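Accompanying notes for the structure given below.
The values are calculated or read from the model by the stated rules, or taken from the named source; none is laboratory data. This structure is a prediction, so every number in the text was calculated from the model and none was measured. Here the Cβ positions follow ideal geometry from the backbone for every residue, glycine too, while neighbour counts run over all protein chains shown.
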Amino acid sequence: MNKIEDHFIEKSLSYSEYVALTESLVAMKITTGEEQSVDLIEYTKLNLHRIKRLEKTIILNQDLSVLIEKWTLPMTILVITEAWCGDVAQQLPWFQKLSILNPLIQVRTILRDENPDLMNRYLSNGVSKSIPVVLFLNSANEQLFKWGPRTQELQNLLTVWGKENTSKPEKYTKIHTWYAQNKGIDLQKELIEVFNHIKNDTK
């Protein structure tokens, strides 16, 4: 079973620490990661707005709520991210909602570019540093499940848009339109699948 070394967990940030970091980045007009660009700095600002909005509006569906309320296995959801990543902003508050519902579940975040040794274990197709990478860990920091960077439905749409030669700005708009319209339906379905898979594997 893949184990995440303790030093990665120790340097990771809680959800509130990650949000505070993003707030400070926005105030300084910079972002995380190796690349600093006008676009990435603007994405960071937009992501903070998305996170704050979702914190106030998301409601877990009944099936997921019941599953999480009854959950008895201590777990860390470790999210490999950068502040400019729009998918993280659309997903992270949902993970935190699970933690609020059940204190046995904690959410931690760790920055991709500062931790290449960790990120390189999870390259998409062996080459791409796609984020978020979402790792579900037990109390020994052993990996129970890996998820990400996004739901299968959205991933399928991105494949289609790629074949259609959709421009990067168009793709960005389409992605966040999808999130706004889907309202977490697909994410919650997949989280139910993840937790049921873990439950069955740990019986």
- Any chance the range 168-188 includes a residue that's surrounded by fewer than 19 Cβ atoms within 10 Å (Cβ to Cβ) and in contact with a Pro (Cβ under 9 Å, 6 or more places away or on another chain)? no
- Note on the structure: Counting only residues that are at pLDDT below 95 and not in a loop (DSSP other than H, G, I, E, B), the range 184-203 contains a total of 3
- Using the structure shown, decide if THR109 is in contact with an Asp or Glu (Cβ under 9 Å, 6 or more places away or on another chain) and assigned to a strand (DSSP E or B). yes
- Could you tell me whether the range 20-39 includes any residue that is of a type in the set (D, E, K, R) and either under 22 Å from ASN138 (Cβ atoms) or crowded, with 20+ Cβ neighbours inside 10 Å (or both)? no
- Only one of (1) touching a residue at least 60 places away in the same chain (Cβ under 8 Å); (2) outside any loop (DSSP other than H, G, I, E, B); (3) surrounded by fewer than 17 Cβ atoms within 10 Å (Cβ to Cβ) does not apply to LEU73, and that is (2)
- Task: Give the range 125-143 a look and list any residue that's of a type outside the set (Ser, Thr, Tyr), surrounded by fewer than 19 Cβ atoms within 10 Å (Cβ to Cβ) and outside any loop (DSSP other than H, G, I, E, B), or say none.
- Result: GLU142, GLN143
- For LYS203, state whether it is among the basic types (Lys, Arg), more than 27 Å from GLU42 (Cα to Cα), more than 15 Å from the chain's Cα centre (by Cα) and surrounded by 15 or more Cβ atoms within 10 Å (Cβ to Cβ). no
- Query: Among the residues of the range 146-165, is there at least one that is among the aromatic types (Phe, Trp, Tyr) and at pLDDT 95 or above?
  - Reply: yes
- Which one of these is under 20 Å from GLN188 (Cβ atoms), out of contact with any Ser or Thr (no Cβ under 7 Å at 6 or more places or on another chain) and not in a loop (DSSP other than H, G, I, E, B): LEU92, LEU118, LEU60? LEU92
- Considering only residues that are of a type in the set (Lys, Arg) and in a helix (DSSP H, G or I), look in the range 144-176 and name the one that is farthest from GLY86 (Cα to Cα). LYS163
